[in-house]
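Everything on this sheet refers to the single structure shown next.
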Amino acid sequence: MAVLALMLLGRVAAAAEHVTNPMLWADVPDPDVIRVGDSFYMVSTTMHLMPGAPIMRSRDLKNWETVSYLFDRLTDSPKYDLQEGTVYGRGQWATSLKYHNGRFYALMAPNEAGPMGQTYIFSAGKAEGPWTVVSRVRHFHDCSLFFDDDGRVYVVYGTGELMELKPDLSDVIEGTHRHIFQREADETGLLEGSRMLKHNGRYYLLMISHVYAPGRHRRQVCYRADDIRGPYEKKVILESDFGGFPYVGQGTIVDGPDGRWYGVIFQDRGAVGRVPLLMPCRWVDGWPLLGDDDGRVPATMPLAAAGCPVTPLVSSDDFGSPRLDVRWQWNHNPVDAAWSLTERPGFLRLKSCRLVPNLFLAPNTLTQRMTGPQCSAVVALDLKHLKPGDCAGLAAFNGHSGVLSVSKQRHGYLLTMSEQTVNLSDRDKQVESVDTVVRATALFNQRRLWLRIDGDFLPGRDIATFYYSLDGREWTKVGSDFKMQFDYRRFFMGSKYAIFHYPTTQLGGYLDVDAFTIQ
């Protein structure tokens, strides 16, 4: 027994000294990572969620703390307010993060057409913000901001396109557009996700490539040149699956304080979303080769620094603070007058503000990421002030959602477990309809209710299961297992836990949320 205990302690100690892949088993797509001093900073895509474009910090590449967001809300269109359309699957994409002359810079182009798609350039004196908008310029798809040693500034974007920016970043310099390389014959599919850096006097452009041919897979490629304008030569630097999931692609490389280099590349993992993996970056003959000596993603990586506190990406919340925890994000822009943490201290109050027909148009839906390999979240609700026609509850939220919803009846409350799939127009992402299948219902009389959703994201699973409780201790399963999905045609993001309240017939009701607990 003593020997077994020592073995287990050894395994725990070993795990504490390593990063176990995936680096973060949650939806953190399109990562860009830089290092400033002894800290790494990462930005990721959050699309329609507000605040958007999280800036995360880590010293060990295992524990990532969200320290700020580039913006609280976007206001280019009422679509960001869930009116006249939506921005599901659009909004903020593939942001580029840089540090130059003592300031942080971020360049972000919303995945939109027309003025909504104009590129934002943000800047801040520290990663914690405040971030301010330096300028708005034309749209650049999957772009990379790049400050060269001679003071000139560039944007690399699309499939091998480049433009120079004015020194003050106020606009592009007209006439500087050029293609720095041409797509090769074997690049028959996706080729995007630009990340430009300079190392030992050479320029390196990392991109994701997906070749549509038998035996070919998603891969990370690198283009390098001695001059930023070219000519460029290409090399495949990573082509590896991992952990029972598909091939890895899109991300960047970064150096540590001790000179070691790392790759942070995401992998599609089904309904949980696109998750970042950590791997060695080995400089061989001037190429940044990713993976171990065999070019494979390793199961574990040594920490970049020791002794860092554990910082979970998602967190429980008793709503005891007058400020919302930084880990929460709203679905589209919130209506600030319709939620409160102070009207009833210790509770999150969600108040009705707009009649809507379904969850996908409901303002003030509050979300956190679901996480793998397995997770479980509980909300404790006070239903006393719901009005007839109100819907409130907890969802495994995505374009295909599994929903636990409570409505007020003449005598008590009705709990419904349903599967809901939203149908969106291609152009404006208008909610055209919602396909709803009710799997189970339950009636009860008391105003206090606990709801729980468990998520299983192990390979081949992507299953959510649903429960309710009248005392917070004994649980009753409700409905059937729900197969979660990742659908790029709808949300294009991983599943989220979502707390919601919306009225369908009258205003005046509200929901009090006592606590959110996640494991």
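The values are calculated or read from the model by the stated rules, or taken from the named source; none is laboratory data. The structure presented is a predicted model; accordingly, all values stated were derived computationally and were not measured. Cβ sites come from the backbone with ideal geometry, for glycine too, and all protein chains shown count toward neighbours. Note: accessible area is taken over every heavy atom of the protein model, side chains too, but ligands, DNA and RNA are not part of it. Shrake-Rupley method; radii C 1.70, N 1.55, O 1.52, S 1.80 Å.
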Notebook entry, point to check: How many percent of the accessible area of the chain is carbon or sulfur, using a 1.4 Å probe?
Noted result: 50 percent
Next item on the list: Beta carbons within 10 angstrom, averaged per residue: use that to sort the peptides 95-107, 165-177, highest first.
Entry: 95-107, 165-177
Item checked: Low-density loop positions, GluC sites (Glu not before Pro), segment 58-164 - DSSP coil, at most 11 other Cβ in 10 Å -> Glu84
Next item on the list: For segment 119-174, count the residues as N, evaluate 2.2 N^0.38 Å, and divide the Cα radius of gyration by that value, please.
Entry: 1.15
Next item on the list: Sort segment 281-329 into rounded, prolate or oblate with this rule: let a ≥ b ≥ c be the square roots of the eigenvalues of the Cα gyration tensor; rounded if a/c is under 1.5, and if a/c is not under 1.5, prolate when a/b is larger than b/c, oblate otherwise.
Entry: prolate
Notebook entry, point to check: For segment 329-436, what number results from the quotient of the Cα radius of gyration and 2.2 N^0.38 Å?
Noted result: 1.13
Item checked: Distribution of pairwise C-alpha distances over segment 16-145, 10 Å bins, in % -> 13, 44, 31, 11, 2, 0
Checklist line | Accessible area per residue in Å² at 1.4 Å probe, computed on segment 35-156 | finding: 32 Å²
Checklist line | For segment 139-291, the Rg and Dmax computed from alpha carbons only, in angstrom | finding: 15.8, 48
Margin query: So if I take the alpha carbon set of segment 78-209, get Rg, then get Rh from the Kirkwood formula, what is the Rg over Rh ratio?
Written below: 0.98
Checklist line | Value of Rg/Rh across segment 423-519 [Cα atoms, Kirkwood radius] | finding: 0.98
Next item on the list: Step through the table entries Lys351/Lys387; Lys387/Lys496; Lys351/Lys384; Lys351/Lys408, compare each Cα-Cα distance with 19 Å, and write down the pairs that go over it.
Entry: Lys387/Lys496
Note to self: Could you tell me what a quarter of the Cα convex hull surface of segment 172-258 works out to, in nm² with one decimal place?
What the structure shows: 8.0 nm²
Next item on the list: Might you tell me the accessible area per residue for segment 368-488, computed with a 1.4 Å probe and given in Å²?
Entry: 43 Å²
Item checked: Separation in nanometres of the label points that stand 7 Å from Cα toward Cβ, at Val36 and Tyr212 -> 4.2 nm
Note to self: How compact is segment 480-519 by the rule of thumb for globular proteins, expressed as Cα Rg over 2.2 N^0.38 Å?
What the structure shows: 1.66
Next item on the list: Only Cα pairs under 8 Å and at least 6 apart count here; give the relative contact order of segment 289-367 as a rounded whole percent.
Entry: 26 percent
Next item on the list: Equivalent ellipsoid semi-axes for segment 260-367, as square roots of 5 times the alpha carbon gyration tensor eigenvalues: give them largest first, rounded to whole Å.
Entry: 43, 19, 10
Item checked: Using distinct alpha-carbon pairs, which all enter the 1/r mean, Kirkwood radius of the chain in Å -> 24.1 Å
Checklist line | Sorted peptide list for 188-195, 35-42, criterion being average Cβ within 10 angstrom, highest first | finding: 188-195, 35-42
